[in-house]
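All remarks here apply to the structure that follows.
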Amino acid sequence: MSRDGTTLRWGTHELIGQRVTDQAGRVGRLAAVLEHVARGAGRVVRVEAHLRPVDGTGWEWTAAVDGLAPVGDGGGNDPGDGAPPGCTAVEGVRHGRRLL
């Protein structure tokens, strides 16, 4: 629970595990979505995306979910992403591969 009267929960998004670009033009892989929910009302007041870099810098960041757009084929089969051929990067986690 945060100090601003909200609780946090994991959200879903159709682009999780895919390469995306945010409103600032940065490219990363959408790792997770967090929803900030107002206590008592149960209303989602803010949704944020957590992105991981695909350029090897190691600096993760958050961005607005509604500002994300898919990049490339979006399937996670980019060379060097660690996913086995023929599966998405998210499926690569299940195969025990390092993805980034």
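Read-outs throughout are calculated quantities, based only on the coordinates presented, and are distinct from any laboratory measurement. These numbers were taken from a predicted model, which means no experiment stands behind them. Every residue, glycine as well, gets a Cβ built from its backbone with ideal geometry; the counts of neighbours run over all protein chains shown.
Counted as qualifying within region 9-71 are the strands (runs of 3 or more DSSP E) with 3 or more residues that are buried (at least 16 other Cβ atoms within 10 Å of the Cβ), namely 19-21, 27-38, 44-53.
Every test in (1) among the acidic types (Asp, Glu); (2) assigned to a strand (DSSP E or B); (3) over 15 Å from the mean Cα position of the chain (by Cα) is passed by ASP4 save one, and that test is (2).
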